Every structure is written in C-alpha cells, then in structure tokens.
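Notes follow once the structure below has been shown.
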Amino acid sequence: MTAVSPPTSFTPARLRERVQEILSAGSLPPIVQAGNPVLRQRAASFDGQISAGELDQLIALMRDVMHEAPGVGLAAPQLGIPLQLAVLEDQYDVDPEAAALRHRSPLEFLTIINPHYTAVGTESAAFFEGCLSLTGLQAVVVRPERVLLRFDTPGGLASEQEFEGWQARIVQHETDHLHGTLYVDRAELRSLSSNAEYAANWAEPGIGKARAALGFLPGNP
C-alpha cells in the first residue's frame, strides 16, 4: 500500500510569513532534515501567495543555500516552506567515466514551479543518490532514464521540457520533494550506505560491485 502525503497545513498567510521570516534573517537558513513533517506533506501549489519580488528573493536565496551545501537541487520544503518551488543546477566537474555511464551533463540553473513529471519510454537506470535532508546517507534508486517535465516559470509561463540521464534524476528527486516523497521511499534499502562506507567501497561509476556485495536488485545483470 502506497502512502499518500497529506496536504500542507500552512495557510497562505502562514506560508508568506514563513517566507518573510527566512528572507529577513540575514543569513542562510539551515536545511530541514528528515523527520520534520514539512518534508512529508504535499506542498501548496504556487498561485501568488507571495509577491513577485519575494519570489525572486526566495529563488536567489535557495540557489545560495544549494551552492553552499553543496548540492544540485533544492526544494522549498527543505527550507521549511511548503510551496511547490525548486531550483536545479549541476555544473560540477565529474570523472569522465562516471559522467559517461550516468549520462551526466551540465544542467544550467533552472527554477521549476508546480512541476509534474511523466516517464518517457520504458528505460530505467539505477544509481546511488543522496539528499541534503538526509545527511550522511546514500542509496540506490531505480528511476526512469527520460522524463517529460511540465512546470511553470517564475514569470508564470507554462512550460514543458524533456530531460534524460542524470538531469532526469535531479528533476525527479526535486519534484518528489514537493509531493512529500523522499528518495529513500523509492530506494533499494539493502543498498543504504553511510557516506563513509560509500566512499570506501562503492564510489565507482556503476553499482555492480555494491549490488553483488549488498544483495539488492538480484535480477539485474
């Protein structure tokens, strides 16, 4: 039985108050960690709860927090704001072998609002993932290799774009956050590893060694 995330209990007024608290703090806010209910609620669709200026400030702040972490994506609930808003960017230098196997290419900065994705085709890929809201852990997640993302831009325009490979993984991970889903909900739990164990044993382009030793996805080649 699949768990259904409850809708956020924040009123529009409380949501705006939370945004204003964060914007006026004068420092980068901490990233909310697993166990906080805001990560398990379905965030509110953005429909003008905050002004255009506040939205721009929030996007800029989220980008700063993402870079500081560092990470390749950040969703508003990770700052305690139950709003369907996320920022994505992947400009890191990656080992060429790993980049090729994972189909990882640079992702320019992108803000997505009210996003939904659907798989394109039937191909999937399995790789380790981590999350800024579950510090110190990684696990293998099987995800569609290609997705179509429908979202609104900060300017209010409806948009759609296809993503593949690692970009598709980022898109799915961050969109899931906005619906109360964490990557561990989709993970092969026998692969769950601390960052230290991952670095010592499984930090290779693929998952074959970890799959064989930890006993997950036994039917895969």
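Just to be sure before I move on: is TYR117 open to solvent by 10 Å² or more (accessible area, probe 1.4 Å), out of contact with any strand residue (DSSP E or B) (no Cβ under 6 Å at 6 or more places or on another chain) and outside any helix (DSSP H, G or I) in the structure I sent? Criteria not met by TYR117. Only residues that are farther than 17 Å from LEU85 by Cβ and in a helix (DSSP H, G or I) were counted in segment 9-25, giving 2.
Would you confirm whether any residue within segment 51-72 is touching an Asp or Glu at 6+ places or on another chain (Cβ under 6 Å), part of a loop (DSSP other than H, G, I, E, B) and on the phi < 0 side of the Ramachandran plot? Full working, then the answer.
Taking segment 51-72 first, the residues touching an Asp or Glu at 6+ places or on another chain (Cβ under 6 Å) are 72.
Narrowing further to those that are part of a loop (DSSP other than H, G, I, E, B): 72.
Adding the requirement that they be on the phi < 0 side of the Ramachandran plot leaves 72.
Yes: one or more hits.
In the set (1) in contact with a Cys (Cβ under 8 Å, 6 or more places away or on another chain); (2) open to solvent by 70 Å² or more (accessible area, probe 1.4 Å), TYR183 fails one condition alone, (2).
Here GLU129, GLU123, GLU145 are screened, and the one residue that is in contact with an Asp or Glu (Cβ under 6 Å, 6 or more places away or on another chain), closer than 26 Å to GLY208 by Cβ and surrounded by 17 or more Cβ atoms within 10 Å (Cβ to Cβ) is GLU145.
In the set (1) surrounded by 13 or more Cβ atoms within 10 Å (Cβ to Cβ); (2) over 20 Å from the mean Cα position of the chain (by Cα); (3) free of Cβ contacts under 8 Å to residues at least 60 places away in the same chain; (4) in a loop (DSSP other than H, G, I, E, B), the condition left unmet by LEU28 is number (2).
Would you check if THR111 is β-branched (Val, Ile, Thr), modelled with pLDDT of 95 or more, closer than 23 Å to GLY180 by Cβ and in contact with a helix residue (DSSP H, G or I) (Cβ under 7 Å, 6 or more places away or on another chain)? Break it down stepwise before answering.
On the way: β-branched (Val, Ile, Thr): yes; modelled with pLDDT of 95 or more: yes; closer than 23 Å to GLY180 by Cβ: yes; in contact with a helix residue (DSSP H, G or I) (Cβ under 7 Å, 6 or more places away or on another chain): yes.
Yes, satisfied.
All conditions in (1) surrounded by fewer than 21 Cβ atoms within 10 Å (Cβ to Cβ); (2) of a type outside the set (D, E, K, R); (3) touching a Phe, Trp or Tyr at 6+ places or on another chain (Cβ under 8 Å); (4) within 17 Å of GLU174 (Cα to Cα) hold for GLN91, with the sole exception of (3).
The values are calculated or read from the model by the stated rules, or taken from the named source; none is laboratory data. Just so it is clear, the model here is predicted, and its values are computed rather than measured. Every residue, glycine among them, receives a Cβ derived from its backbone with ideal geometry; neighbour counts consider all protein chains shown. These accessible areas exclude ligands, DNA and RNA; they are computed on the full protein's heavy atoms, side chains included. Shrake-Rupley method; radii C 1.70, N 1.55, O 1.52, S 1.80 Å.
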